[in-house]
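The values are calculated or read from the model by the stated rules, or taken from the named source; none is laboratory data. Not measured: the values here are computed from a predicted model. Here the Cβ is made from the backbone with ideal geometry for all residues, glycine too, and neighbour counts use every protein chain on show.
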Amino acid sequence: MPYTFAKSTELFARAQRSIAAGVNSGIRKLEAPVPLYFARGEGPNLWDVDGNHYLDFQLGQGALFYGHAPAGMADALAAQARLGTHWAAQCELELEVAERLQAMIPSAELVRFSNSATEAVMTAFRLARAHTGRRLILRFEGHYHGWSDEGLVGFANPADQWGDAATPARTHPSKGVIAEVLEQFVVARWNDPEHLRRRVDDFRGQIAAVIFEPALCNTCCIEPVAGLMKTIRELCDRDGMLMISDETITGFRFGASCAQGYYGFRPDLTILGKAVGGGTPFAVLAGTRAAMAKIIAGEVIHAGTLNGNPLCLAASKWCLDQVRALGATQPAGIQKLGQRLMAGLTALAREHHVPLRPQGPGLIFHTVMLKPGATEGAVVDYRDYVRRHDAPRWAHLRRCLLEEGVRAIERGIWSISLAHEEQDIDEALTRSARAFKRHAAGWPPAAA
């Protein structure tokens, strides 16, 4: 019997009387049939207020890399809470977390702590401009770098506002943005090294930094083509630009040295969020000593009352120790589980004649739903994704999965946690089989 959501529906109606739009992050309103309210989680399991049980592959938008409510983290948080929750000053935990990051990530010669990855990105941009004396930042279509005025420039342009292939447009999805902010960016297409070279050459000597998700996980799940990281590093070295790797999602999921270790490159600055705090509001800007020089000198201001909060530090120390303890087995273990789940979903899609094509390295992946007549093969960039992905049909299947107790992120991303085991994948596929059957029978929906 498919799940129902009476209590969540009641609470959402109540929320709209006291919370603007009823949610505290706009993307949460996208969940159908209603933004869900949750009661508790344990490992890969999640229960909502209606008593529905889910095998969770959404994992707090990827932050819960260690699963829900891990006992060790709960103990670490409780112990620190009894000592103090906030000092707006230094504590030894800062050093313990910083030294762990130095040991795990070769490019992390120095770090600074923040409360969100959005803040860390803003600091990185300020630092890059001060370091180079230039104003422009080059970014890629479809890559997400926080919700600030700067973070969303060129993120997900509507197709009618793309601009031509040679000069992607600089637009922003939000009203109220300072118009001049858009002029501080150069937008390029992902996974086209020669196009990137031309974009850099068009603005040579004016670009302070190149920022990117090393594996694009915010729009589909698109790994870099061969030679792309090498090209970015080469161009940054040639022109004195900083290379900024936004590892908000990929950090530690791809191993102790993050995606930069997995793909074999060394950035100047790294953004860490989500898994570094295990669900607490904690983020890190890490970088080389040279790239951090303007902060050291006090010429670039980085501040925050809650930066280096001891509760978050206690959680991060526990999280980093879990990753370090895995050694060379990470990310191979979760990658194997994810690839098994991808293969199972592919088999169900074939059985029920659903054009679903899972894509990604396994430890994280996206379920691309092909539009009628769309070409086969891997999605290579944002525009390719928009042209080929059938978002309404995926939304229908996603709801069927949700109503059978399998939860993935609305946009189609699935994350594997260290808490998932083989039996969880088996159970997820058993439930998914019922969801695919319902989807196949109910698509397209009958006309109203």
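Scanning the stretch 410-441 for residues that are over 25 Å from Val34 (Cβ atoms) and touching a Ser or Thr at 6+ places or on another chain (Cβ under 6 Å) returns no hits.
Among the candidates Gln206, Gln184, which residue alone is over 29 Å from Ile364 (Cα atoms), over 25 Å from the mean Cα position of the chain (by Cα), in the same structural domain as Gly287 (by TED's automatic domain parsing) and surrounded by 15 or more Cβ atoms within 10 Å (Cβ to Cβ)? Don't jump to the end; show me each part of the working.
Working: Gln184 fails: over 25 Å from the mean Cα position of the chain (by Cα).
Result: Gln206 is the single residue among Gln206, Gln184 that is over 29 Å from Ile364 (Cα atoms), over 25 Å from the mean Cα position of the chain (by Cα), in the same structural domain as Gly287 (by TED's automatic domain parsing) and surrounded by 15 or more Cβ atoms within 10 Å (Cβ to Cβ).
Name the single residue, out of those in the stretch 389-399 being surrounded by fewer than 22 Cβ atoms within 10 Å (Cβ to Cβ) and out of contact with any strand residue (DSSP E or B) (no Cβ under 6 Å at 6 or more places or on another chain), that is farthest from Val187 (Cα to Cα). Filtering first and then ranking leaves Arg399.
Does the stretch 430-446 include one or more residues that are buried (at least 19 other Cβ atoms within 10 Å of the Cβ), of a type in the set (Val, Ile, Thr) and closer than 18 Å to Leu341 by Cα? No, there is no match, as no residue in the stretch 430-446 is buried (at least 19 other Cβ atoms within 10 Å of the Cβ), of a type in the set (Val, Ile, Thr) and closer than 18 Å to Leu341 by Cα.
Any residue in the stretch 57-67 that is polar (S, T, N, Q), under 27 Å from Phe5 (Cβ atoms) and in contact (Cβ under 8 Å) with a residue 24 or more places away in the chain? Explain how you work it out, then say what you get.
Start the filter on the stretch 57-67 by keeping residues that are polar (S, T, N, Q), which leaves 58, 61.
When the remaining residues are screened for being under 27 Å from Phe5 (Cβ atoms), the result is 58, 61.
Still in the running and in contact (Cβ under 8 Å) with a residue 24 or more places away in the chain: 58, 61.
So far as the stretch 57-67 goes, yes, one or more of its residues are polar (S, T, N, Q), under 27 Å from Phe5 (Cβ atoms) and in contact (Cβ under 8 Å) with a residue 24 or more places away in the chain.
Evaluate the stretch 156-168: report whether one residue or more is out of contact with any Cys (no Cβ under 7 Å at 6 or more places or on another chain), farther than 26 Å from Ala391 by Cβ, in the same structural domain as Asp246 (by TED's automatic domain parsing) and crowded, with 22+ Cβ neighbours inside 10 Å. Checked the stretch 156-168: no residue is out of contact with any Cys (no Cβ under 7 Å at 6 or more places or on another chain), farther than 26 Å from Ala391 by Cβ, in the same structural domain as Asp246 (by TED's automatic domain parsing) and crowded, with 22+ Cβ neighbours inside 10 Å. The single condition among (1) loosely packed, with under 14 Cβ neighbours inside 10 Å; (2) modelled with pLDDT of 95 or more that Ser174 does not meet is (2). Looking at (1) at negative phi; (2) out of contact with any Cys (no Cβ under 9 Å at 6 or more places or on another chain); (3) surrounded by 24 or more Cβ atoms within 10 Å (Cβ to Cβ), which one does Ala332 not meet, given that it meets all the others? Ala332 satisfies all of (1) at negative phi; (2) out of contact with any Cys (no Cβ under 9 Å at 6 or more places or on another chain); (3) surrounded by 24 or more Cβ atoms within 10 Å (Cβ to Cβ) except (3). Checked against (1) modelled with pLDDT of 95 or more; (2) surrounded by 21 or more Cβ atoms within 10 Å (Cβ to Cβ); (3) part of a loop (DSSP other than H, G, I, E, B), Ile137 meets all criteria but (3). The residue that is farthest from Pro193 (Cα to Cα), among those in the stretch 220-248 that are part of a strand (DSSP E or B) and of a type in the set (Asp, Glu), is Glu247. Residues satisfying the criterion are present in the stretch 379-387 (criterion: hydrophobic (A, V, I, L, M, F, W, C), part of a loop (DSSP other than H, G, I, E, B), touching a strand residue (DSSP E or B) at 6+ places or on another chain (Cβ under 8 Å) and over 18 Å from Met342 (Cα atoms)). Of the listed requirements (1) crowded, with 17+ Cβ neighbours inside 10 Å; (2) part of a strand (DSSP E or B), Arg40 misses just one: (1). Within the stretch 96-127, the set of residues being in a helix (DSSP H, G or I), touching a residue at least 24 places away in the same chain (Cβ under 8 Å) and acidic (Asp, Glu) comprises Glu96, Glu119.
Hey, can you tell me all the residues within the stretch 79-95 that are surrounded by fewer than 16 Cβ atoms within 10 Å (Cβ to Cβ) and in a helix (DSSP H, G or I)? I'd like the intermediate steps shown before the answer.
First, pick out the residues of the stretch 79-95 that are surrounded by fewer than 16 Cβ atoms within 10 Å (Cβ to Cβ): 79, 81-90, 92, 95.
Hits for the stretch 79-95 are Ala79, Ala81, Arg82, Leu83, Glu92, Leu95.
Here's the yes/no breakdown for (1) outside the structural domain of Val121 (by TED's automatic domain parsing); (2) in a helix (DSSP H, G or I); (3) among the hydrophobic types (A, V, I, L, M, F, W, C); (4) over 30 Å from Val379 (Cα atoms):
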position	(1), (2), (3), (4)
Thr305	no, no, no, yes
Gly308	no, no, no, yes
Cys312	no, yes, yes, yes
Val323	no, yes, yes, yes
Lys336	yes, yes, no, no
Met342	yes, yes, yes, no
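Could you please find all residues in the stretch 308-334 being of a type in the set (S, T, N, Q) and without any contact (Cβ under 8 Å) to a residue 60 or more places away in the chain? Residue satisfying the conditions is Thr329 alone.
Exactly one residue out of Leu363, Leu337, Leu345 is at pLDDT 95 or above and within 19 Å of the chain's Cα centre (by Cα): that is Leu363.
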